[in-house]
1. Net charge around residue 242, counting only other residues with Cβ within less than 15 Å of its Cβ (Lys, Arg = +1; Asp, Glu = -1)?
2. For the chain, with equal point scatterers placed on the C-alpha atoms only and solvent neglected, what are the log10 I(q)/I(0) values from the Debye formula at q = 0.12, 0.13 1/Å, to two decimals?
3. Tell me the net charge near residue 277. Cut-off is 13 Å between Cβ atoms, residue 277 excluded, with +1 for each Lys or Arg and -1 for each Asp or Glu.
4. Report the FRET efficiency, 1/(1 + (r/R0)^6), for residue 113 and residue 47, where r is their Cβ-Cβ distance and R0 is 25 Å, rounded to 0.05.
5. So if I place +1 on the C-beta of Lys and Arg and -1 on the C-beta of Asp and Glu, and nothing else carries charge, what would the dipole magnitude of segment 85-212 be about its Cα centre? I want it in debye, nearest 20.
6. Lys pairs in the chain, Cα-Cα under 22 Å, at least 8 apart or on separate chains: how many?
7. With 10 angstrom as the radius, rank 102, 292 by how many other C-beta atoms surround their C-beta, starting from the fewest.
8. On a 0 to 90 degree scale, rounded to 10, what angle separates helix 307-319 from the longest Cα axis of the chain?
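Each value in this text was obtained by applying a stated rule to the coordinates, not by laboratory testing. Keep in mind that this is a model prediction, so the values were computed, not measured. Here the Cβ is made from the backbone with ideal geometry for all residues, glycine too, and neighbour counts use every protein chain on show.
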Amino acid sequence: MKAAVLNGMDQELVVRDDVTLTDLGPGEVHVKLVSSGVCHSDVSAQNGTIPMPLPLVLGHEGAGVVLEVGPGVTDVVAGDHVILSFVPACRKCGPCERGQSYLCAQSGAVSAAPHFVVDGTPIPGMTGLGTFAEELITAESCVVKVENDIPLDIVSLIGCGVTTGVGAAINTAGVTPGSSVVVFGCGGVGISAIQGARIAGAAEILAVDMVDSKLEQAKTFGATHVCKPDDLPQLRTEITGGEGFDFALECIGNPITIRATFDAARRGGTACIVGVGRLTEQVSFSAFELFYSDKNLRGSMYGSANVRTFMPKLLRLWKAGKLDLESMITRRIQLEDINDAFTAMQAGQVIRSVIDYK
Ligand code: APR
Ligand code: ZN
């Protein structure tokens, strides 16, 4: 089958047609991919922002159909449609038991398990998935069953970007009705955060991006105001009277915009860091301001979402017309176009590219 392999840092992905899968083991599920979104974290794995063991089949935002299940699997059967969750939800570890499956302790082991075979060598898929492949094997804990009548391209976006962004606004930041919100970055994650803030009833939602077309698109998803980074002080005064925003969400992963997000929140407000920055980069705060600002500075992993309850909720919001997923797909590609899709994403030309597998 075809799969896109990252052999070394900063290299182009190599799309091969001779990749196979390991035998299906206990507790594992064999899935035929129907769709995969292309997320910035895939680019971050390629450029080393997020360190990953290489070689690796990239892709962590996908949906498909179960072909076969291994011994002991009870959640799904062949023919079921599933969202692939890039963090497992094992239901047994400490974090899962206390209702924080997005921190599941199985995550490391699931990510390291090699299920693809390339040139006779077993290699893993990104985050235990590897959705840039026609088929994959993953742990039962990484699949969430969905109704068979929902289009799987829509479903794939829920696998990362939408859960991450909507979840950050609703679960992590806890955006409240009538509040003011600023979102930095209008890619798949930021647009989802904007939609989450709208769903939560924010009165004002300011979208900040450096690309004009992104700002125009942000308006159609619920941003009430938009601006380039340089115009933020003016908009902050206009919208909040200079006090700062109730909620500020960073959906880029850049130390400068992370710092700007903290600064954009009002005293007593919430700054929520959704973007994944480079392991070696630092953000600094004065010892005094952390105390004096009384801000809630939060990291947000996978939208602080318990995938088995939150993903179905997102699909109900979509069915009710309250979450626009169709318009987020701005480019449809084949697996062979993956390197072009990376380039387009880095140029700020897409909200989401989605790979259609035949
Ligand atoms: N100032 C303003 N906007 C910026 C800046 C900046 N300095 N740098 C990038 N942007 C904008 C881009 O123009 C783009 O619209 O941020 C957006 C980022 O979107 P994508 O590249 O599509 O990334 P996305 O998939 O949304 O992921 C965003 O969340 O999950 C993490 O790893 C992911 O860190 C990444 C972040
Ligand atoms: Zn992602």
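1. Result for the local shell: -3.
2. Relative scattering, expressed as log10 I(q)/I(0), comes to -0.82, -0.96.
3. Taking every other residue near residue 277 into account, the sum is 0.
4. Computed FRET efficiency for residue 113 and residue 47: 0.55.
5. Dipole magnitude for segment 85-212 comes out near 560 debye.
6. Lysine pairs, 8 or more places apart or on different chains, close enough: 15.
7. Values: 102 26, 292 10.
The order, fewest Cβ neighbours first, is 292, 102.
8. For helix 307-319, the angle is close to 70 degrees.
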